[in-house]
Structures are given as C-alpha cells and as structure tokens.
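As structure tokens, the structure follows; a few thoughts come after it.
The values are calculated or read from the model by the stated rules, or taken from the named source; none is laboratory data. From a predicted model like this one, the values you see are computed outputs, not experimental measurements. A quick note on method: Cβ atoms are made from the backbone with ideal geometry, for glycine too, and the neighbour counts reach across all protein chains shown. These area figures cover heavy atoms from the full protein model, side chains too; ligands, DNA and RNA do not enter into them. Shrake-Rupley method; radii C 1.70, N 1.55, O 1.52, S 1.80 Å.
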Amino acid sequence: MYKELFGVFDDADAFRRFRTGDEYDAVVAGEYLTVGLRDPALGVTGRSDVYEHDAGHCVVWGEAFCPTGGDDVAAWLADAYAERGTDALAALNGSYLVALEHGDEALVATDPIRSWECFYTDAPGTRVFGSDAASVGRTVDAPRVSRRALREFLHLSVVFGRRTLLESVSRVPFDATLGPDGVTPLDRFVYDPGKFDYAAELARRLRTAIERRSDYPGETGLLLSAGYDSRVLLAELPHISQCYTVGDSDGEEVTRAAEVAAQYGVSHTALDSTDDYLLVDANKSRYGQGIKESLHVHHADQTDAIGVDSVYHGLLWDTLFRGHFLEPSTLPVGGIEVPLGGLDPDADPVDALLGRIGYTETGSHRLRDFSGVGPDDHEAFARRAVAEAVDDVRERIVDDDRAVDVQNVIDACGIVNQPTLPFRTHLADNFLESFVAVDSGLLEWHLRTPPEHRSTETFLAAARRLDGDILRHRPPNRPYDSALLNGAVDLCRRTLPFVDHDSASWPSRTENFERHQLDQRLFPERGYLHELRPRHKLRVADVERWLGDCLDANVDRDPLAVIDAGLRSR
C-alpha cells in the first residue's frame, strides 16, 4: 500500500530483518519498539505525527487530534501517557493507530472502533505488526490458510473478531492495545445511555466534528450519494470543490445527487461504472485485507477520475447515527418486511445480523463445503459463527446493567465486524481522506443515545437544525420522513406493474457481471465456478487475488484446493 505503518517489538536491527527502512517516510527506533511509517500527509495538522524524547518515542498514524488543539499530537500523547498510562488514549480523537515506547513499556493501540486494522504475528520469532495484512503475512515462512476464516469470508463476507485468512496472523482486538507479549482490552467503547436532546446534541457534535476536519490542503472533493448522510457534509463544508457519485449517469441515484450538489453550488461528476467496476485485481483486493469484501470499494475503477487532493465521505453515518444494524418491528406483506415504527424488543441478534453482514442462504448453498461438515450445514455454520461473534461482543461491550439491550448487542456486533471499511481504506491510501463519523464526540453520542433514538428520525431532525432546506431533494427511495410510508412506497414500486422500481444506490451486480463477461475474465478455465452467484464469485476472486498477488508468498492453499475440487465435482 502507498500508506502503511509497520513495526516490530524490538530494536532497529530486528526491524531491518524485515525492512530496509528506505521505503518509509520515517523510521523511529527504540530499544523495545521500532516503527516505520509511510504517509504523504505526515506533518499536516490532524494527520500522522512523530515525536521522540528521552524516555522513548510516540508515533500517531492516520487522522488524529489532541484535546488541547495544536499540531503536536504525538508529543501531547507521549506526555499524557507518561502521566496517565493507557487512560490517555481515551482523550485522543480520530481514526488512527498509535505505536508508543515509554521507558521499558511498548504498545500499539487502535482507535476506539478499530477503523484502522492492525495485524500481527509472532511467527518470525519477533512480534511483527502493521496496518497491511499482506506485509505482516509476508514475514511468515510458509503461512497456512485458516479454514475457519476462509469459510466465514466466503459465506458471510467478513472474517470475525481477531482472525485473519492466515492461521499465524491475528488482528488487534476491537478497542484494545497490543504489547510484546499479549493484548489488553480498553474500555473506550461502552454503552452508557442517558437522557438529553438527542437531535440537538447530534447536530452540535456533527458541526464540531466537521469543523475540526475542515482545513485540509489542496482541492477538496466529496463522495456524494443521493441519501441523507453525505449531504450534511456538503451543507457544512462550503469549500468543497467537486462532488462525485458512483452510478449510471442517467440513473435516479446520480440524478438526485447532482440536484443536491447544484443546490449548494458545487460541481458534480458521475463516476459511471466501467468494465472494471466489479473486476477483482490485486489493486482492489488488497484493501479488503483478506478479511472483508473489496466489493464495497465502489469507486476503485474510477480513482484517476477523482481529481482532488482531499476527500470527504459519509461512511458509517447510517451505522452510528441511524441504526443500520438495529432490528425494527416489521410486518411481512407480500414478501416485503414493512416497518411498523420502533424496534423489535425480542429481536434475535443472529437473525438480525446474518443478512446485513452478507449471508444469503441460496447463495451459500452453492458453495461446496470443504471442512468435513456436510454441505447442507452451511446455514448452521453461519449461524454459529455469528452467534459466537455476538457472545464476544455481549461480554466485552454491553455487560453493564444500564446497557444490556438486545439492540445494543446487535449494533455493537455490526460495528465490531463492520464489512464496509475497505471503502475508506482505499480512499485513505489514494487521497488525504477524512473519517468524520469516528470523531470522539460523535462516538460518545452513539454510546450515550438509547437505540430507539439512534434512528433516521433523530438524524433528520439534527440535519434540519444544520440546514432547514437540506431535504429539498429527497432520496429517490425515501420520499417521506416516515419509515412506514417509505416502506409502503418501496412495496408498491416492487410489486405494481408499470411503476418504476429502479432506485438502487449502486449499479446492479448481476447486470454488470453479465454485461462485462466477468466469468470469462475472472475464471476463464473454471466453468464450474460460473454457477455461483456474482457476490460469491467475487469473494472467491478476492481470496485468490489477495493470497496470490498481494501476499506474494509460499502459502499453503490446501483449503482453496479442496473447495475448488468440491465445486468442480458438482
């Protein structure tokens, strides 16, 4: 990757066993921790920063702000750690990785919601860590593919918890630190609901979070959908010079987004899907890190068309502010679940999460089992994997009596295993990218707001406080504020003849796959794979490209060979 953090829990000599250091913008060496970082924005206010002092050093990589303001975030954290230890991390704001040595102590920390993954392994004899799974994986001699992780990825689109596609490589847990001998959980992300004016407070914190990130250099762009979220950024950032929307230039999504851009006097560009929109290659699969689908990097084939220096986006706004993962009360009507308003008090977390994460029963049924369990047990495997992820979250995040709410469990599990993060990883690797949603004030709002108020209704009330005319051009699939009315409209568009129902936010996978003959491009000599659904074929391609082109190592691929043989025999 262009942007990377890589290090060892050891000195500079140990670091040079794996890296020369020439490929990094800075290398900071200590007795217990040595780190190399690459970031074109090193030194820009709010971006990666390095500080060395008598007792050690501190590296902050990504987007980070100290509570006192100013440019020296690494120096602030080093001083704060000397006074308060890991408690100082609770005051650090942003989307980042921290690598810190103080005296004989050394640690690496993620931000509160692990918006940057950190991978590590002890296989080379020295604990190695980094932001790029492939870079860490290449330090392992003859790594083996994890059957459990592979099966989770193919059936569910994500690898859960701390696992990766390689048996010998792990991820730093959610809201935790990594040390030379283990990991230590933190308590920055814990639900603590209270009573206050939820909409007013959300509006205030959105404005503060956006203002904090409003002064990035160069030409600035916004990935603008026709939905609710990114238009708030457009309303609050007057210096945006260009908006971009992925989709067909004559489709409803692009047309409506262009109207929103015009409302705020900003130029708009449609990023029409090309022949390579769904194509999985090494340049795209690397951003999934072998643990998430590259499918969510919708703009990957149009990177060169995004002609700006800094990019804003609304990723995770629906998750953190509008309850994307929460389970509503619904009524089944004609095969459609029509929302009745409110949340289901008896929701089953596994049922709620399966579809939202990426499981489909009919699609998974076509994947031949490769781990010794009967092929008809794919659903049991999927449910068991999600249930284990739910139990882990229940124990770590929502075990306080004030917060034990099944909806908090569902939301937290979705956030811990967020499948869409490759979207921002690609943006951050190619532009100076700002992740507004993970501002500490906004995360605190999420944790303090009861699940029934983490809703579209609350969000729209907050948005209107920022701009009373923000919904002049409504999303094509949500013409009303009411979820019930929007559900009824969706039902009519899907079922009534002579009614246009093309309101999808993204280009059709199936149509795109067929139109651009991706079966022949991805699997030219393996016709037995062509029977899979497009999304599952893309997952197979993701795994193969990441292992073969990104990892570039002598990998034991026996699990891949077994699944391939099973599919071929059908």
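A few remarks follow.
- Close pairs from region 524-546: first over 15 Å from residue 512 (Cβ atoms) and in contact (Cβ under 8 Å) with a residue 12 or more places away in the chain, partner part of a helix (DSSP H, G or I) and open to solvent by 50 Å² or more (accessible area, probe 1.4 Å), Cβ under 9 Å, at least 6 apart: 526/568; 528/568; 528/569; 529/568; 545/286; 546/286
- Which numbered condition residue 298 misses (of (1) modelled with pLDDT of 95 or more; (2) in contact with a Ser or Thr (Cβ under 9 Å, 6 or more places away or on another chain)): (1)
- Complete set of residues in region 215-237 that are touching a strand residue (DSSP E or B) at 6+ places or on another chain (Cβ under 9 Å) and in a loop (DSSP other than H, G, I, E, B): 216, 217, 218, 219, 224, 225, 226, 237
- Selected residue (only one of 269, 245 is surrounded by fewer than 23 Cβ atoms within 10 Å (Cβ to Cβ), in a strand (DSSP E or B) and among the polar types (S, T, N, Q)): 269
- Taking residues in region 435-453 that are touching a residue at least 24 places away in the same chain (Cβ under 8 Å) and small (Gly, Ala, Ser), and partners anywhere that are crowded, with 17+ Cβ neighbours inside 10 Å and part of a loop (DSSP other than H, G, I, E, B), the pairs with Cβ atoms closer than 6 Å and at least 6 places apart or on different chains are 437/316.
- Residue satisfying all of: in region 497-549; in a loop (DSSP other than H, G, I, E, B), at pLDDT below 85 and aromatic (Phe, Trp, Tyr); least open to solvent (accessible area, probe 1.4 Å) among these: 506
- Residue in region 247-255 that is modelled with pLDDT under 90 and in contact with a strand residue (DSSP E or B) (Cβ under 6 Å, 6 or more places away or on another chain) present: yes
Conditions (1) closer than 23 Å to residue 426 by Cβ; (2) open to solvent by 10 Å² or more (accessible area, probe 1.4 Å); (3) touching a residue at least 60 places away in the same chain (Cβ under 8 Å), marked per residue:
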position	(1), (2), (3)
253	yes, yes, yes
259	no, yes, yes
278	yes, no, yes
283	yes, yes, no
291	yes, no, yes
295	yes, yes, yes
302	yes, yes, no
318	yes, yes, yes
322	no, yes, yes
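- Scanning region 109-125 for residues that are within 16 Å of residue 164 (Cβ to Cβ) and either open to solvent by 10 Å² or more (accessible area, probe 1.4 Å) or β-branched (Val, Ile, Thr) (or both) gives 110, 116, 117, 120, 121, 122, 123, 124.
- Checked against (1) under 18 Å from residue 181 (Cα atoms); (2) of a type in the set (Lys, Arg); (3) without any contact (Cβ under 8 Å) to a residue 12 or more places away in the chain, residue 84 passes all but a single condition, namely (1).
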